[in-house]
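For reference, the structure is listed below as structure tokens.
The values are calculated or read from the model by the stated rules, or taken from the named source; none is laboratory data. A quick note: this is a predicted structure, and the numbers were derived from the prediction, not measured. Cβ: placed from backbone, ideal geometry, glycine included. Neighbour counts: every protein chain shown. When the accessible area is computed, the model is the full protein with side chains, heavy atoms only, and any ligands, DNA or RNA have been set aside. Shrake-Rupley method; radii C 1.70, N 1.55, O 1.52, S 1.80 Å.
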Amino acid sequence: EGHQVRGTTRTGNRLGQIEAAGAEAVVADPYRLATVTPLLEGVSVVVWPMGSATGTADEIDAVHTTRLETLLTKLVDSGVRGLVYEATGSVRGDLLRQGAAQVRKSGEWFRMPVEVVEHDPADHDGWTAAMSAAVGRILDA
């Protein structure tokens, strides 16, 4: 819809796929926020699509708990207007619910627009529409 998109991947082997989708592709690891936060400059909305994240159990837990909480805190002092959190996928349901609760709590606490998307990512077209609509609501807030 005319928005500039920056897509991240933990390894360089997916950069081509991201670029083919029309996004600026960069390497960044959500487990290591120091690789993510420098990329926030010029970003209006952060999309945290980690509902089917892969990695070690500790890494997956962290991107839905400690790393997510830290990121939300850092967004307050950035130019980012809000965050979209993916709360459905292959990650444990209790972890996704915990992440969604943290996002909502931070949104209220920091008076920052947030969206929690619970659309099944297996329905790619529906998921894409739900995520796009969530970004739109934040931009309109």
Practice prompt. Using semi-axes √(5λ) of the Cα gyration tensor in Å as the read-out, say which of (i) 19, 18, 17; (ii) 21, 17, 17; (iii) 22, 17, 14 was calculated from these coordinates.
Written response: (i)
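Please work out the average accessible area per residue across segment 8-56, using the 1.4 Å probe convention, and give it in Å². Spell out each step's value before the answer.
Numbers: 2770 Å² over 49 residues.
Per-residue value: 57 Å².
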Worksheet item: Tell me, what % of the accessible area of segment 28-69 is carbon and sulfur with a 1.4 angstrom probe?
Response: 55
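Can you give the calculated 222 nm mean residue ellipticity of the chain, where each DSSP H run of n ≥ 4 adds -39,500 (n - 2.57) and the sum is split over every residue, rounded to the nearest 500 deg cm²/dmol? Don't skip to the end; give the middle numbers.
On the way: 5 runs with 60 residues, N = 141.
Helix-only estimate at 222 nm: -13000 deg cm²/dmol.
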Worksheet item: So what does S90 come to for accessible area, using a 1.4 Å probe and Å² rounded to 10?
Response: 90
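What's the FRET efficiency of A21 with R92 using the Cβ-Cβ distance as r and R₀ = 25 Å, to the nearest 0.05?
Numbers: r = 28 Å, r/R0 = 1.11.
With a Förster radius of 25 Å, E is 0.35.
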Discussion item. From the phi angles alone, apply the Karplus equation (6.51, -1.76, 1.60; θ = phi - 60°) to segment 88-103 and give each ³J(HN,Hα) in whole Hz, x where the residue is Gly or Pro.
Written reply: 9, x, 8, 5, 3, x, 5, 5, 5, 5, 5, x, 4, 5, 5, 4
Practice prompt. Compute the length gained on full extension between R81 and V43: take 0.36 nm times their separation in residues and subtract their Cα-Cα distance, giving the result in nm to one decimal.
Written response: 12.9 nm
Fill in: segment 4-27-segment 107-141 distance, computed between alpha-carbon centres (Å)
20
Worksheet, complete the sentence: Projected onto the charge dipole of segment 41-141 (unit charges on the beta-carbon of Lys, Arg, Asp and Glu, signs +1, +1, -1, -1), the Cα from V43, A53, T73 with the largest positive-side position is that of T73
Discussion item. Rounded to the nearest 10 Å², what accessible area does E69 have for a 1.4 Å probe in the complete protein model?
Written reply: 90
Practice prompt. In whole Hz, with x marking every Gly and Pro, tabulate ³J(HN,Hα) for segment 134-139 from phi via Karplus 6.51 cos²θ - 1.76 cosθ + 1.60, θ = phi - 60°.
Written response: 5, 4, x, 5, 5, 4
Worksheet item: Among A133, H3, S106, which residue has its Cα positioned farthest towards the positive end of the charge dipole of the chain, with +1 placed on the Cβ of Lys and Arg, -1 on the Cβ of Asp and Glu, and the dipole taken about the Cα centre?
Response: S106
